[in-house]
Each structure stands twice: as C-alpha cells, then as structure tokens.
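Input: a single structure, listed below in structure tokens.
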Amino acid sequence: MEDWEEEPARTRDAATALPFLAAVLLLPPVILVFARPAAPWGVPLIVLYVFVVWSAVILASFLLARRLKRAPRSPASDGDG
C-alpha cells in the first residue's frame with residue numbers, strides 16, 4: 001500500500017469526498033435504518049449511530065487536515081497562474 005504522504009492528490013481527494021460521504025451517512029433514509037427499538041448500553045441505536053458517524057467524520061477531518069498540512073504543494077496548484 002502506498003504512503004499517503006507520497007500521494008498528496010489522494011489526500012486532497014479524500015478530503016473533498018469526506019463531506020459528501022458524511023452527508024450521505026446522515027441522510028434520513030440511512031439514519032432510519034437504525035431506528036429500531038434496540039438500545040445497547042441503554043442508548044437508542046439511532047442516537048448511537050449518529051454520534052458514532054459524527055465522531056468518525058471529525059476524526060477523519062482532523063487526520064486529513066494534518067496530512068494536508070504536511071503534504072508538499074506543487075507549483076501548479078498554488079493559484080499564481
């Protein structure tokens with residue numbers, strides 16, 4: 001598997017796709033799949049799903065931001081042209 005730092009374009013693509021993936025995972029048709037009477041640890045499954053997805057999106061955003069900050073920028077993408 002290739003190192004993400006060697007492929008800054010892949011990291012940018014993942015950072016671009018993340019908000020769309022988060023939006024899809026938080027759409028009512030997807031959330032309603034978890035609207036069941038189950039309550040692991042006393043928490044309704046739908047609430048657990050929303051907070052797990054929300055936490056995962058925040059963690060993924062943090063990790064992608066760190067990688068983008070360290071990734072070298074190509075001269076063609078700095079907006080001077």
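The values are calculated or read from the model by the stated rules, or taken from the named source; none is laboratory data. Since we're looking at a predicted model, the values are computed, not measured. Don't worry about glycine lacking a Cβ; one is built from the backbone with ideal geometry, like all the others, and counts go over all protein chains shown.
A few comments on the model shown:
- Candidate set: the range 2-53, residues that are charged (D, E, K, R) and over 13 Å from the mean Cα position of the chain (by Cα); chosen: the one nearest to Lys69 (Cα to Cα): Glu5
- Within the span defined as the range 22-37, every residue fails to be at pLDDT below 85, touching a helix residue (DSSP H, G or I) at 6+ places or on another chain (Cβ under 9 Å) and surrounded by 11 or more Cβ atoms within 10 Å (Cβ to Cβ).
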